[in-house]
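A quick write-up on the structure given underneath.
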């Protein structure tokens, strides 16, 4: 299996979820609705995603969207925004290079000290797909595997 970076967005709230599903969401740092995390597609993560597939949207993220996500929603300690100058100071590379290094597995998000490893997003402009959050993406809904369409959803939520 080829290594790729996957974006996971929680689209379902906490109410009425089984403890096992809640625990898996917390292990992935998906604490609230509309939170997003970037992980690899290793078997460990894929097993966790399979367990919570009905409550999240996920797919392969591209470097441009990851750069936008870091630029607009990246947070440091004490709710400070992530700035290009901070990345330059700590790692001596630009934000664009940092995003492409993450996608190519040369660096990890936690290589940047103080960066929160999840992103808080807005609800999508124009809403989710016609089927809503209860149906799988393949059936016209929002949940489940979205392939590269996760990039469009992230763009709508920034």
Fraction of antiparallel bridges per DSSP, the chain only, in percent to nearest 5: 80
Within region 108-130: backbone nitrogen closer than 19 Å to the residue 91 label point (7 Å, Cα to C-beta): 108-120
Contour minus Cα-Cα distance for residue 17 and residue 72 (0.36 nm per residue): 16.8 nm
Length released on extending from residue 29 to residue 42, taking residue separation times 0.36 nm less the Cα-Cα span: 3.0 nm
Percent RCO, i.e. relative contact order, over the chain, from Cα pairs under 8 Å lying at least 6 residues apart: 28
Sequence-separation-based contact order of region 63-116, relative, with Cα cut under 8 Å and 6+ spacing, percent: 39
Among (1) 55, 34, 28; (2) 44, 34, 28; (3) 54, 31, 22, the entry that matches Cα extents along the principal axes in Å as calculated here: (2)
Global size of region 63-116 as Cα Rg and Dmax, reported in angstrom: 10.0, 29
Calculated [θ] (222 nm, deg cm²/dmol) that DSSP helices of n ≥ 4 give over the chain, each run adding -39,500 (n - 2.57): -9500 deg cm²/dmol
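We did not get these values from a lab; they are worked out from the coordinates using the rules stated. Keep in mind the model is a prediction, meaning the values are calculated, not measured. Please note: Cβ atoms are built from the backbone with ideal geometry, for glycine as well, and neighbour counts cover all protein chains shown.
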